[in-house]
1. Does Leu47 fit the bill of being within 13 Å of the chain's Cα centre (by Cα) and either exposed (fewer than 15 other Cβ atoms within 10 Å of the Cβ) or outside any loop (DSSP other than H, G, I, E, B) (or both)?
2. Do we find that Gly108 is among the small types (Gly, Ala, Ser), within 27 Å of Gly20 (Cα to Cα) and surrounded by fewer than 15 Cβ atoms within 10 Å (Cβ to Cβ) in this structure?
3. Out of curiosity, is Thr78 polar (S, T, N, Q), at pLDDT 95 or above, closer than 23 Å to Ala129 by Cβ and in contact with a strand residue (DSSP E or B) (Cβ under 9 Å, 6 or more places away or on another chain)?
4. Is it fair to say Val106 is outside any helix (DSSP H, G or I), within 12 Å of the chain's Cα centre (by Cα) and in contact (Cβ under 8 Å) with a residue 60 or more places away in the chain?
5. Could you check Trp115 against (1) surrounded by 15 or more Cβ atoms within 10 Å (Cβ to Cβ); (2) over 16 Å from Trp6 (Cα atoms); (3) of a type outside the set (A, V, I, L, M) and say which number it fails?
6. Can you tell me which residue is surrounded by the most Cβ atoms within 10 Å (Cβ to Cβ) among those in segment 121-140 that are modelled with pLDDT of 95 or more and outside any loop (DSSP other than H, G, I, E, B)?
7. Considering segment 67-97 alone, what residues qualify as being more than 23 Å from Leu152 (Cβ to Cβ) and without any contact (Cβ under 8 Å) to a residue 40 or more places away in the chain?
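The values are calculated or read from the model by the stated rules, or taken from the named source; none is laboratory data. None of the values given here were measured: they were computed from a predicted structure. All Cβ positions, even for glycine, are placed from backbone atoms using ideal geometry, and neighbour counts span all protein chains on display.
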Amino acid sequence: MDLILWRHAEAHEHPDPLEGLPGDEADLARRLTPRGEKQAARMANWLDRQLPEGTRIWCSPAARCEQTVMALGRKYRTSPTILPDASSGALLDLVNWPDGKSPVLVVGHQPTLGWVISQTVGMQRDECAVKKGAVWWLRHRERAGEHQTVILAVQTPELL
């Protein structure tokens with residue numbers, strides 16, 4: 001199974017940085033900056049050429065994530081399981097990792113995406129961070145009776 005994790009592109013800051021919380025109404029309404037729109041378009045162009053047929057797409061309902069995934073121009077579904085500070089275990093359950101048959105693209109937030117990567121490749125929970133607009137492409141496989149997670153690609157919009 002392939003699991004492609006795409007962090008939303010650069011967004012405007014929370015309007016109330018001292019009192020605001022991840023996932024509050026103001027946080028969920030934050031939109032991409034002009035730079036973030038360019039990052040999303042650049043990464044979407046790369047992903048459009050790479051994604052296998054039948055890839056299922058899940059997205060956080062936060063405005064910045066939906067703006068990011070809309071640059072791809074494909075159908076997607078939203079889930080509260082992908083909101084800011086979501087559980088990595090719940091996200092992995094949503095996409096049926098590692099037993100799913102179809103590739104899955106998830107557009108979400110840090111730190112959750114970093115936690116998912118850490119959990120799937122055997123690192124400590126907070127050892128991995130995902131840069132804004134970046135994609136991590138993971139594959140689960142079985143070799144000689146051993147389950148493995150292979151990192152196929154890590155791509156940032158700046159390198160495209």
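1. yes
2. The answer is no for Gly108.
3. Considered against the rule, which asks whether it is polar (S, T, N, Q), at pLDDT 95 or above, closer than 23 Å to Ala129 by Cβ and in contact with a strand residue (DSSP E or B) (Cβ under 9 Å, 6 or more places away or on another chain), Thr78 comes out as no.
4. Yes.
5. Answer for Trp115: the failing condition is (2).
6. Among them, the one singled out is Trp136.
7. Across segment 67-97, the qualifying residues are Met70, Lys75, Arg77, Thr78, Ser79, Pro80, Thr81, Ala86, Ser87, Ala90.
Matching residues to (1) of a type outside the set (Gly, Ala, Ser); (2) buried (at least 16 other Cβ atoms within 10 Å of the Cβ):
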| position | (1), (2) |
| --- | --- |
| Ala26 | no, no |
| Leu72 | yes, yes |
| Arg77 | yes, no |
| Trp97 | yes, yes |
